[in-house]
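The values are calculated or read from the model by the stated rules, or taken from the named source; none is laboratory data. The structure presented is a predicted model; accordingly, all values stated were derived computationally and were not measured. We place every Cβ from the backbone using ideal geometry, glycine too, and count neighbours over all the protein chains shown.
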Amino acid sequence: MSQDTLHLVVPSLLSPPEGLHGRTALRAPAVEKLLGWSSSSGGAKEYEPQLFALMGLPEEAAAAPYALMGEGIDPGEEIWMQADPVHMKVDLTRLILFEGRNLEIRHDEAEALAQEFNDHFAGEGLEMIAPHPERWYLRLSRLPRLKTSPLSLAAGRSPDAFLPKGEDARYWQSLLTEAQMLFHASPVNKAREKAGHPAINALWVHGPGRRAESLAPATHFKMIVADDPLALGLAKAAGAIRTELAQAIHADVLCVLHAFQHAELSADERGWKEVLVEFDQWLGNVFRWLNEKRERSLVLYPCNGTSYRLSGQKRQRFWHRSPPFHQYLTPSLLHS
């Protein structure tokens, strides 16, 4: 990995909220230049595998222990799984999952439900902790034989296609159904419903496993910009220092920008457009950095199966007219 490369992981940059109005009128001059002037190659189709690839981990690596590290908790050698609080709601003819980020969960509510879970499942070899109201974790006594999907794939969608699969799927589906019944009867949810808040009526489990012994030294970044626990945990394991976006335009830096994905999952068209304007302005500063030295380069990973590399040598391809931004957009997967 070149030490003169700035890496940008920007999920949902090219997949706006479903039904986006004014697609053809969207303008993002800097993004258009980046996409039009770059050489493209393969990339991961999802956020988590893209991070793992950049950190030298296999696609099936366990996310939970690294996310826990990003929360400031040492996972040790134990087995962990993410068990995020969600709200399930029937929308017309199907079930839709809403992530905890949209539920305004309080710390005391998260702690109370975690304690109820632990009391109820005390004999199952499980222990739940809630270091953040929106992000919960399970300590497991054995490694589950499961293939799971991250919450970002199921949020805002019908979760049926993303439910855990594998030899232990039936056991975990039964356990999660029992947890739903437990939460439905909880005083926490009774109080939330009385106050007009959506119930925390289910858990979304994903990313089980242990932390890898080490990350490949060649993949280490010096600095990282992120607010996602998984990215922060992986960076911590790699020895990277957290920094802010304003100070991030340097070589050997990884920028993980989630604002587009948050807007897409929340069907926030206005928010997605506002983030696009801000990102495009910031990208103009990146171009100025590229102009300073020909050996510098930028790689964009929009987590759609393609990556885009722009080197300083190609930054002045004035003869090349970039296609308009809307031609790069793909439909959102929401409600598919």
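For Ala122, the stated conditions do not hold, so it cannot be described as surrounded by 20 or more Cβ atoms within 10 Å (Cβ to Cβ) and of a type outside the set (D, E, K, R). Quick one: in segment 237-268, of everything that is on the phi > 0 side of the Ramachandran plot and small (Gly, Ala, Ser), which residue is surrounded by the most Cβ atoms within 10 Å (Cβ to Cβ)? Top of the filtered list is Ala267. Against the test of being under 23 Å from the mean Cα position of the chain (by Cα) and not acidic (Asp, Glu), the options Ser174, Ser149, Ser186, Ser141 yield a single qualifying residue, Ser149. The condition of being aliphatic (A, V, I, L, M), in contact with a helix residue (DSSP H, G or I) (Cβ under 8 Å, 6 or more places away or on another chain) and buried (at least 21 other Cβ atoms within 10 Å of the Cβ) holds for only one of Leu20, Leu51, that being Leu51. Checking Ala130, Ala155 one by one, the residue that is farther than 17 Å from Ile79 by Cα and surrounded by 19 or more Cβ atoms within 10 Å (Cβ to Cβ) is Ala155 and no other.
The sole residue among Glu104, Glu48, Glu124 that is outside the structural domain of Asp168 (by TED's automatic domain parsing) and among the acidic types (Asp, Glu) is Glu48. Listed by position, the strands (runs of 3 or more DSSP E) inside segment 36-119 whose residues that are farther than 22 Å from Val253 by Cβ and touching a residue at least 24 places away in the same chain (Cβ under 8 Å) number at least 3 are 79-91, 94-99.
Residue by residue, here is whether (1) modelled with pLDDT of 80 or more; (2) in the same structural domain as Ala246 (by TED's automatic domain parsing) holds:
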site: Trp289; (1), (2): yes, yes
site: Glu292; (1), (2): yes, yes
site: Leu298; (1), (2): yes, yes
site: Tyr301; (1), (2): yes, yes
site: Asn304; (1), (2): yes, yes
site: Arg317; (1), (2): no, yes
site: Pro324; (1), (2): yes, yes
site: Ser336; (1), (2): no, no
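Condition check ((1) outside the structural domain of Val9 (by TED's automatic domain parsing); (2) not in a helix (DSSP H, G or I)) across all residues:
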{"site": "Gly156", "(1), (2)": "yes, yes"}
{"site": "Arg170", "(1), (2)": "yes, no"}
{"site": "Ser174", "(1), (2)": "yes, no"}
{"site": "Met181", "(1), (2)": "yes, no"}
{"site": "Asn189", "(1), (2)": "yes, no"}
{"site": "Arg192", "(1), (2)": "yes, no"}
{"site": "Gly196", "(1), (2)": "yes, yes"}
{"site": "Ile224", "(1), (2)": "no, yes"}
{"site": "Asp227", "(1), (2)": "no, yes"}
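A count restricted to segment 247-273 and to residues that are in a helix (DSSP H, G or I) and under 19 Å from Leu34 (Cβ atoms) stands at 5.
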